[in-house]
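Input: a single structure, listed below in structure tokens.
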Amino acid sequence: MKLINYIANIFIAIFRLLQGMYITMLNLIRKKVTEQYPENRGKKEQFEQMRGQLVMPHNENNQHKCTACLICMTNCPNGTIQITTKMEMNEETGKEKKVLDTYMYDLGCCTYCSLCTWTCPQDAIEWSQNFEHAMFTRSKLNIRLNKEGSSLAPKNK
């Protein structure tokens, strides 16, 4: 009985080997469907809801909508967003006002949960379609979102 099982197992193994080789040969003959990524980079359309990279839109006067309320930094589950503020004197009222100094975003640590954009009361940050984040050093993934010398955009715009 053991000899019959041994011979049967040999034939089953040979059958499975031929079956695998048949599938491999079919895949070698089929037309290739490989995505030619670097060549057709501009032709590929992304989904509207895609979360590529966090950006802070600025207008033509280099102004943004961020009021430095720190809600996005508070809601970030892993500390991806780091905001520093400074106090500036308001010329109109003569009082000190909290103003955004730096808005740092760690792209390598982000989980793309979008809690920061959902909870921003001013809609100052949003997701871009940029998804190419390959860098040689991790320090280049720390991005400053507010431009140098930018300030709060006027309310009427």
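No lab work stands behind these numbers, since they all come straight from the coordinates. Treat the numbers as computed from the prediction; the structure is a model and nothing was measured. For neighbour counting, all protein chains shown are included, and Cβ atoms are generated from backbone atoms with ideal geometry for every residue, glycine included.
Scanning the chain for GluC sites (Glu not before Pro) lying in DSSP loops with no more than 10 further Cβ atoms inside 10 Å, the longest uninterrupted stretch between such sites is 93-131.
Within the shell of other residues whose beta carbon sits under 14 angstrom from the beta carbon of Ile10, the net charge comes to +2, with Lys and Arg scored +1 and Asp and Glu -1. Between the Cα long axis of helix 2-29 and the first principal axis of the chain there is an angle of about 50°, rounded to the nearest 10. Histogrammed with a bin width of 10 Å, the alpha carbon distances of region 30-111 distribute as 13, 29, 27, 16, 9, 4, 1, 0 percent, first bin at zero. Cross-link pairs exceeding 18 Å between alpha carbons, from the set Lys65/Lys147; Lys65/Lys98; Lys86/Lys147; Lys95/Lys147: Lys95/Lys147. Here the contact order of the chain, divided by its residue count and restricted to Cα pairs under 8 Å and six or more residues apart, works out to 28 percent. Each of His133, His64 has some number of other Cβ atoms within 10 Å of its Cβ, and from fewest to most they run His133, His64. Loop-located trypsin sites (Lys or Arg not before Pro) across region 78-122 with a Cβ neighbour count of 15 or fewer within 10 Å are Lys95, with loop assigned by DSSP. Counting only aspartates and glutamates at least 8 places from Lys140 when in the same chain, those with an alpha carbon closer than 14 Å to its own are Asp106, Glu132. Between the alpha-carbon centres of region 103-126 and region 44-102 there is a gap of 9 Å. Measuring from each cysteine beta-carbon in the chain, the ones with no other cysteine beta-carbon under 4.7 angstrom are Cys66, Cys69, Cys76, Cys109, Cys110, Cys113, Cys120.
Given the choices (i) 0.99; (ii) 1.35; (iii) 1.83, Rg/Rh (Cα atoms, Kirkwood Rh) derived from the coordinates of this structure is entry (ii).
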